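The values are calculated or read from the model by the stated rules, or taken from the named source; none is laboratory data. Just so you know, these numbers come straight off a predicted model, no measurement behind them. We place every Cβ from the backbone using ideal geometry, glycine too, and count neighbours over all the protein chains shown.
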Amino acid sequence: MKENPVSFQLKLNPEDFLPATQEEKQSQVIMRESVSFWKDGGRRLVKNKVAMVSIVVIILVMIFSFIVPSFYPYSYKDQIKGANNLAPMQYSEEEQAKIDAGESVFPHIFGTDKMGRDYAIRVMMGSRISLLVGLIATGIILIIGSAYGSIAAFFGGWVDLVMMRIVDIIYTIPDILLIVLLSFALKEPLGHLKDVPGFAWVNVVGENLISIFVVFALLYWVGMARMVRSQVLMLKESEYVTAARALGVGSGKIIKRHLLTNCIGTLIVTTTLQIPSSIFTESFLSFLGMGVAVPLPSLGSLASDAINGMNTYPYLLFIPALLISLIILSFNLLGDGLRDAFDPKLKN
Amino acid sequence: MLKYIAKRIGLAVVTVWAVATLTFFLMNMVPGGPFLSEKAISPQATAALEAKYGLDKPLFQQYLTYIGGAVQGDFGDSLKQRGRTVTEIILMKFPVSARVGGISVLVALTLGIPLGCIAALKRGKFLDSLISVVATCGIAVPSFVICTVLLYTFGAKLKLLPTVGLTSWKNYIMPVMALSFYPTAYIMRLMRSSMLDVLGQDYMRTAKAKGVSGFVSLFKHALRNAILPVVTYVGPMLAYTVTGSFVVEKIFTIPGLGGEFIGAINGRDYTLIMGTTIFLATLIIVMNVVVDIVYKIVDPRIKLK
């Protein structure tokens, strides 16, 4: 057919309308399942040997400090008569007599302290306290920091300005000075509080421990807040936030549902790296005698108590010191691994 | 530039004031008073002492009097160490802490920066792994652990170094080691990662392409850029170590400002608490401001806002 140069007739090639061959279809096949955020990060994390070893160490320490004490034959506060300052695996005379009589006595794996308390269980309880403080304090920091940072970033303008100035001021306050002062100052009001009905738990937790939490809640959230703010500042320009707003979603819900869930990678990493620094601070305070109340042990206070007898009973000092370093190290390494896996942008 | 500096100084003054106010009211929340613990003191004498130091007045009035004095540089007399002013005590104790702290910072810098650079240059090699492992372990060990391990090995077992006081140069070795351990490890890590960052930059390739020798490009281009994060860290670190680490001073019985502060709280020496707090806070905050300003002068890429 002769082509008319001015016609609008479509020129179709009949070959384009043939059914696709098997070969052509192959290119459309999804060869791999699409990977979700968690799967992707998880896969990278599993490949990271250092991080996996740290997870195993952390789990072991947790079993050691949370599960083992419940069926351990000794208690952290019971003093065993005549068993003062035993070396590891040593028995007191009384116990030796029992063994000779055919009874079985559970050995003091790490020996006993000068009050005759089994040291292994004290170390277990100590690391339980240290871990708990680290985790709870980090939880407090996570909640306050992420709420504060996201609100400041989301509303912007003078709200942001005022809120971030407050952060700047808190950031420059010398933390150690305030911790020391606060833990002294809070002792008395908390002491009164425990007589008020409904607040008996204060006695169990101990005033010092609560003041540590208060200090964390007051001072240490600023780093987290800055981190979250910078993320939210970026994310709030996204289309899905505009879309949500156009649909009439409230600010609070946007922050909770859209913004915070989208910076979850940063949150996980910052939180994991916050845990060791909380444990660090707690052990430091306990070491200075401002941590947990006696007879409750913490790794810091155990090390502090052991200093005076260091020359004769060095293991009393080295066991908690080693354990606290191990815990902090594994959390640090795990945090680094999580960062590489979930938030590659943050690397370096 | 001037506007920025003025703004930072303004913020610093507000912060010092906030710390002072907070400390003042917190301190008065601590139960007990400076004259309660002393034996055989009659109520009349206590009242007379309290009247002498103005402690019988309402709290807010005390606060105003104190702030008024402090603004004029008068931090009052110590309540416990009779006959000495707070300024005298600080001037006596601070140099001790500052000497130990200053040496530690120097040690940390001279060790941390080169080691971090070496690790970055030998990336992936054995030396890099070794330095990285040491640095990672270094920031995980609390200072009291290092102190006690040092004390045990060098002081108690080997008997090489004295453990108490600050009489000869030998006394400085262990506290300096303990104090510089964490900053050294931290600077190594910081230096390594920022050096790696810089080495991957385009201008490093350009320098290589135009034939700049390895030595010159390393010192002129790489190091000058890579050292910036370390500069920001050094300010606060200097302030913290110079003002004396509480733990290190306690363990090695160094008569420094940290011990004085704890002692002041235990003894409810109100004026000394206020004096040391304001002094330490001012020092730390001033260091921060100075570093921020220096940082912006050193790095022209950062716009002053």
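Could you tell me which numbered condition A:S27 fails, if it satisfies all but one of (1) surrounded by 14 or more Cβ atoms within 10 Å (Cβ to Cβ); (2) small (G, A, S); (3) more than 30 Å from A:N311 (Cβ to Cβ)?
(1)
Per-residue answers, yes or no, for (1) within 14 Å of the chain's Cα centre (by Cα); (2) buried (at least 24 other Cβ atoms within 10 Å of the Cβ); (3) at positive phi:
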{"position": "A:M115", "(1), (2), (3)": "no, no, no"}
{"position": "A:A120", "(1), (2), (3)": "no, no, no"}
{"position": "A:L132", "(1), (2), (3)": "yes, no, no"}
{"position": "A:L135", "(1), (2), (3)": "yes, no, no"}
{"position": "A:I141", "(1), (2), (3)": "yes, yes, no"}
{"position": "A:G149", "(1), (2), (3)": "no, yes, no"}
{"position": "A:A153", "(1), (2), (3)": "no, yes, no"}
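Output the number of the condition that B:V234 fails; it satisfies all remaining conditions of (1) modelled with pLDDT under 80; (2) under 14 Å from the mean Cα position of the chain (by Cα); (3) over 14 Å from B:F94 (Cα atoms).
Result: B:V234 fails condition (1) only.
Somewhere in segment B:172-191, is a residue polar (S, T, N, Q), within 15 Å of the chain's Cα centre (by Cα) and more than 14 Å from every other protein chain (Cβ to nearest Cβ)?
yes
Please go through segment B:57-72 and give me each residue that is part of a loop (DSSP other than H, G, I, E, B) and either in contact with a strand residue (DSSP E or B) (Cβ under 9 Å, 6 or more places away or on another chain) or touching a residue at least 12 places away in the same chain (Cβ under 8 Å) (or both), ordered by number.
none
Check B:T87, B:T110 and return the single one that is under 30 Å from B:G54 (Cα atoms), of a type in the set (V, I, T) and away from every other protein chain (no Cβ under 14 Å).
Answer to the selection: B:T87.
How many residues does segment A:313-328 contain that are without any contact (Cβ under 8 Å) to a residue 12 or more places away in the chain and either more than 28 Å from A:V53 (Cα to Cα) or not hydroxyl-bearing (S, T, Y) (or both)?
3
Given the criteria under 30 Å from B:V247 (Cα atoms), at pLDDT below 85 and either of a type in the set (S, T, N, Q) or part of a helix (DSSP H, G or I) (or both), does B:L22 qualify?
yes
For the list (1) at pLDDT 85 or above; (2) crowded, with 23+ Cβ neighbours inside 10 Å; (3) charged (D, E, K, R), I need the number of the one condition that B:E249 fails.
(1) is the only condition that B:E249 fails.
Scan segment A:301-320 for residues that are under 18 Å from A:I121 (Cβ atoms) and either at pLDDT below 75 or at the interface with chain B (Cβ under 7 Å from one of its Cβ atoms) (or both) and jot them down.
Residues satisfying the conditions are A:A303, A:L317.
Being touching a Leu at 6+ places or on another chain (Cβ under 9 Å) and modelled with pLDDT under 80 narrows it down to one of B:L161, B:L121, so name that one.
B:L161
Which helices (runs of 4 or more DSSP H) does segment B:194-290 wholly contain that include 2 or more residues that are free of Cβ contacts under 8 Å to residues at least 60 places away in the same chain and within 14 Å of chain A (Cβ to nearest Cβ)?
Counting at least 2 such residues, we get B:228-242, B:246-251, B:257-266.
Do we have B:G54 as more than 13 Å from B:Y270 (Cβ to Cβ) and assigned to a loop (DSSP other than H, G, I, E, B) here?
Considered against the rule, which asks whether it is more than 13 Å from B:Y270 (Cβ to Cβ) and assigned to a loop (DSSP other than H, G, I, E, B), B:G54 comes out as no.
Does segment B:291-299 contain any residue that is within 11 Å of chain A (Cβ to nearest Cβ) and surrounded by fewer than 24 Cβ atoms within 10 Å (Cβ to Cβ)?
Within segment B:291-299, one or more residues are within 11 Å of chain A (Cβ to nearest Cβ) and surrounded by fewer than 24 Cβ atoms within 10 Å (Cβ to Cβ).
Taking the stated definitions as given, is B:M92 at pLDDT 75 or above and either surrounded by 14 or more Cβ atoms within 10 Å (Cβ to Cβ) or within 14 Å of chain A (Cβ to nearest Cβ) (or both)?
no
Filter segment B:129-157 down to residues that are more than 9 Å from every other protein chain (Cβ to nearest Cβ), in contact (Cβ under 8 Å) with a residue 24 or more places away in the chain and over 22 Å from the mean Cα position of the chain (by Cα), then give me how many there are.
3
Quick test for you: out of A:E207, A:E239, pick the one residue that is farther than 11 Å from A:I141 by Cβ, at pLDDT below 85 and among the charged types (D, E, K, R).
Matching residue, one of A:E207, A:E239: A:E207.
Just to be sure I understand, how many residues within segment B:34-52 are at pLDDT 70 or above and in contact with a helix residue (DSSP H, G or I) (Cβ under 6 Å, 6 or more places away or on another chain)?
Count: 0.
Restricting attention to segment A:34-53, does a residue exist that is surrounded by fewer than 10 Cβ atoms within 10 Å (Cβ to Cβ) and part of a loop (DSSP other than H, G, I, E, B)?
yes
Is there a residue being closer than 30 Å to B:T23 by Cα, touching a residue at least 40 places away in the same chain (Cβ under 8 Å), surrounded by 18 or more Cβ atoms within 10 Å (Cβ to Cβ) and among the β-branched types (V, I, T) anywhere in segment A:220-243?
Among the residues of segment A:220-243, at least one is closer than 30 Å to B:T23 by Cα, touching a residue at least 40 places away in the same chain (Cβ under 8 Å), surrounded by 18 or more Cβ atoms within 10 Å (Cβ to Cβ) and among the β-branched types (V, I, T), which makes the answer yes.
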